[in-house]
1. Scan the range A:140-174 residue by residue and report those that are within 12 Å of another protein chain (Cβ to nearest Cβ) and either among the hydrophobic types (A, V, I, L, M, F, W, C) or surrounded by fewer than 18 Cβ atoms within 10 Å (Cβ to Cβ) (or both).
2. Residues A:G130, A:G149, A:G187: which one is out of contact with any Pro (no Cβ under 7 Å at 6 or more places or on another chain) and closer than 16 Å to A:L77 by Cα?
3. Quick one: is A:G128 modelled with pLDDT of 90 or more and buried (at least 20 other Cβ atoms within 10 Å of the Cβ)?
4. Could you list all residues from the range B:11-57 that are exposed (fewer than 14 other Cβ atoms within 10 Å of the Cβ) and at pLDDT 80 or above?
5. Looking at B:L83, B:L124 in this structure, which one is at pLDDT 90 or above, hydrophobic (A, V, I, L, M, F, W, C), farther than 18 Å from A:L186 by Cβ and assigned to a helix (DSSP H, G or I)?
6. Output the residues belonging to the range A:103-123 that are over 16 Å from A:L168 (Cα atoms) and not aromatic (F, W, Y).
7. What about A:G130, is it more than 11 Å from chain B (Cβ to nearest Cβ) and without any contact (Cβ under 8 Å) to a residue 60 or more places away in the chain?
8. Can you report the number of residues in the range A:194-240 which are among the acidic types (D, E) and free of Cβ contacts under 8 Å to residues at least 40 places away in the same chain?
Amino acid sequence: MTRFRPVGCIFAVPFTHRPAVQLLREIWYLMQKDFRLEWRQRAALNGMLLYVGSTVFVCYLSFVRGGVLPAPAWNALLWIILLFTAINAVAKSFLQESRGRLLYYYALVRPEAVILAKIAYNAILLLGLGLVAFGAYSLVLGNPVQQPGRFTLVVALGALGFASSLTLISGIAAKAQNSNTLMPVLGFPVVIPILLQLIKAAKNALDGLDASPQPIYMLLGLNLMVVAVSYLLYPFLWRT
Amino acid sequence: MKNWWKVLAAVLLLYTVVMGLLGPAPRLPILNETIRNLYFHVPMWFGMTIILTASAVNSARYLYKPSYRLDVLAYESAQTGILMAVLGLATGSLWARFTWGTWWTSDPRLNGAAIAVLIYGAYLVLRSSITDEQQSARIGAVYNIFAYCAAIPLLFILPRLTDSLHPGAGGNPGFSKYDLDNNMRLVFYPAIIGWTLLGVWITQVAVRFTLVKHKLYEKQLA
């Protein structure tokens, strides 16, 4: 049963005296709010899906004459598509918040809840977009993956990694004037370490030979560090 | 004497240049005389790491207690750090030309260094694209700390996990008994201190210049 409450449902955040529980509750309500907003203005969501679809199709048309794509190139191209999708999807997470609405959150919840909720929301959104991109991509360009389960896990980790490293960047870029050009400039270098580990882990899953989980551990470590730094730094950013 | 460390920097750098170019060095195949690059290339990265750490620390201090001086310290230190990183890339590239036979090659350590320079380049772009002074300082400080945390694994953790052409790769941090003997240590350690002090000196001059400009500007406004 879904109960439709107005967007102002954060008003209903019940208060407890335990800070950790309160934080989780705030994150939960903020995420609900983000999903509800996304669902109500479906233009943005449809736009992102079309973006994924047309990018995949452009790649298909560009590579179809070359015959079957070799596996490393297939992998690299998929991750480039996912990277650009992520940059575009995450960029709007803070741009869509008006100044007044941010002030409203400031009065109701703590900043840590805002950034963690945005990271979680972006991770789920990117996971959905990533799976759609992976499906469409393997539909038109073939699927040479030996271990699909492991590869899907890497895509999920990729969504988490892109979301955690790009969310704070989008918060920073939203404060500047030319935020649309600033987002890739700030985001690409920061995301490259994660991207390199992702490509390595994905290549391992693709070949199905090397079972070393080292890139996965590296990814988890990098994600943890980036989330921790975002958690610590966002309270300083949001009041400006 | 208040400025003893500036004298020390000058003496150490003079010693580094003279002894580095004329002093004894082991005769090794392929490396030959390029081994002397150790006195110029490696201290650049040492100095860069120390100065960028200072920049991140000043940014953190700014966030806890905002003041114009701390912001200028963080910004100018980052600029000196970038200068040293670019010089480190240039000296490394020159060395690679004569030992590996190419200016640049796809190696984890080289790529990590290049990306770290890109990350800090983005910091400069961010600073110049926000016109409001306090906003620029605050947001710049947040990004600076984020950039530091992203750059350190690139330079020090990721390259050590894979094989690399770069000397000191494959698990061990840098010095090995094959390419560093005691004669070289006598020049190498002073070189690190000398170049780092020079970086601090450059930063100090730049910080003072900015502060004086700011003071003059305020006087004109008044």
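The values are calculated or read from the model by the stated rules, or taken from the named source; none is laboratory data. Worth saying up front: this structure is predicted, and the values here are computed from it rather than measured. With ideal geometry, Cβ positions are generated from the backbone for all residues, glycine too; neighbour counts draw on all protein chains shown.
1. A:L166, A:L168, A:I169, A:I172, A:A173, A:A174
2. Details: A:G149 fails: closer than 16 Å to A:L77 by Cα; A:G187 fails: closer than 16 Å to A:L77 by Cα.
The unique qualifying residue is A:G130.
3. Details: modelled with pLDDT of 90 or more: yes; buried (at least 20 other Cβ atoms within 10 Å of the Cβ): no.
Answer is no for this residue.
4. Of the residues in the range B:11-57, the ones exposed (fewer than 14 other Cβ atoms within 10 Å of the Cβ) are B:11, B:14, B:18, B:21-22, B:24, B:26-30, B:32-33.
Within the range B:11-57, B:V11, B:L14, B:V18, B:L21, B:L22 qualify.
5. On the way: B:L124 fails: farther than 18 Å from A:L186 by Cβ.
Sole residue among the options that is at pLDDT 90 or above, hydrophobic (A, V, I, L, M, F, W, C), farther than 18 Å from A:L186 by Cβ and assigned to a helix (DSSP H, G or I): B:L83.
6. So in the range A:103-123, the residues over 16 Å from A:L168 (Cα atoms) come out as A:103-109.
Of everything in the range A:103-123, those that are over 16 Å from A:L168 (Cα atoms) and not aromatic (F, W, Y) turn out to be A:L103, A:A107, A:L108, A:V109.
7. Details: more than 11 Å from chain B (Cβ to nearest Cβ): yes; without any contact (Cβ under 8 Å) to a residue 60 or more places away in the chain: yes.
So A:G130 fits the description; yes.
8. Going through the range A:194-240 one residue at a time, the tally reaches 1.
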